[in-house]
Amino acid sequence: MQSLQEKASVWSGVDRADAFAIDDSNLFEKLGLQSFINLSTNFYTRVYDDEEEWFRSIFSDSKKEDAIQNQYEFFVQRMGGPPLYSQRKGHPALIGRHRPFPVTHEAAERWLQHMQNALDDSLDIDHDSKIKMMNFFRHTAFFLVAGNELKNQNQNQNNQVACKHAANKPAEE
Ligand code: HEM
């Protein structure tokens, strides 16, 4: 049986090495906190303004400011910065935390389109970092789609899947 990681690679078209090239250097040190805040603010402004109700409604139980903070704190800690997310909320457990949401192939593509547009707007992020981030986002998005399909196959399964998507990278590296 294909693992979630293998499905993520096939569906996203991004292999593991490219997905985790975010670990080849410390993107937090390179870009700084404000770039991550700007990116998540731009991204979620697009999401909450989406003309497609089916997509917008996935986020309707969350306050925009909370969603922005959750996202940039996770990105910061995953890309070499301090563990802001885990200090506040514990392990990211991305599959488990996305359990309530319909993370379909279609939703992943729309999420990624908003993120691509937000990155295109980001003058404070260099081209190489954008490519690395987008590969990580794309692979992770389809990792979540694979987790969503597993959930649908077995509603009672415990989805605590340990994975490199959520591993902390020490700030001093
Ligand atoms: C594939 C399409 C995706 C959909 C439909 C989706 C949907 C959602 C929704 C509805 C939330 C709740 C908003 C909040 O209260 O924070 C959320 C949270 C979150 N998402 Fe996603 N997401 C997707 C992809 C991703 C990807 C690719 C990542 C990481 C690279 C990610 C990381 C997170 C994080 C860290 C949170 C905060 C979780 C929490 O603290 O509860 N998501 N997502």
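The figures follow:
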| item | result |
| --- | --- |
| R88, sole failed condition from (1) in a helix (DSSP H, G or I); (2) more than 15 Å from A166 (Cβ to Cβ); (3) more than 7 Å from the ligand (Cβ to nearest atom); (4) open to solvent by 50 Å² or more (accessible area, probe 1.4 Å) | (2) |
| Test: residue in region 138-151 that is closer than 21 Å to Q34 by Cα and within 14 Å of the ligand (Cβ to nearest atom) | no |
| Residue list for region 21-59, restricted to those being among the hydroxyl-bearing types (S, T, Y), within 13 Å of the ligand (Cβ to nearest atom) and open to solvent by 20 Å² or more (accessible area, probe 1.4 Å) | Y44, Y48, S57 |
| Lone qualifier among G96, G80 - being open to solvent by less than 40 Å² (accessible area, probe 1.4 Å) and more than 26 Å from N152 (Cα to Cα) | G80 |
| Among (1) near the ligand (Cβ under 9 Å from one of its atoms); (2) part of a helix (DSSP H, G or I); (3) not charged (D, E, K, R), the one test that V76 misses | (1) |
| Some residue of region 118-134 being within 8 Å of the ligand (Cβ to nearest atom), in a helix (DSSP H, G or I) and touching a residue at least 12 places away in the same chain (Cβ under 8 Å) | no |
| First in region 36-55 and without any contact (Cβ under 8 Å) to a residue 60 or more places away in the chain, second anywhere and among the small types (G, A, S), Cβ under 7 Å, 6 or more apart | Y44/A67; F55/A107 |
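Here is a yes/no grid of residues against (1) modelled with pLDDT of 95 or more; (2) assigned to a helix (DSSP H, G or I):
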residue: M1; (1), (2): no, no
residue: S9; (1), (2): yes, yes
residue: A17; (1), (2): yes, yes
residue: F28; (1), (2): yes, yes
residue: F43; (1), (2): yes, yes
residue: G81; (1), (2): yes, no
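The values are calculated or read from the model by the stated rules, or taken from the named source; none is laboratory data. For clarity, every value in this text was computed on a predicted model and none was experimentally measured. No Cβ is skipped: glycine too gets one built from the backbone with ideal geometry, and neighbour counts run over all protein chains shown. Areas reflect the complete protein model, heavy atoms only, side chains present, ligands, DNA and RNA absent. Shrake-Rupley method; radii C 1.70, N 1.55, O 1.52, S 1.80 Å.
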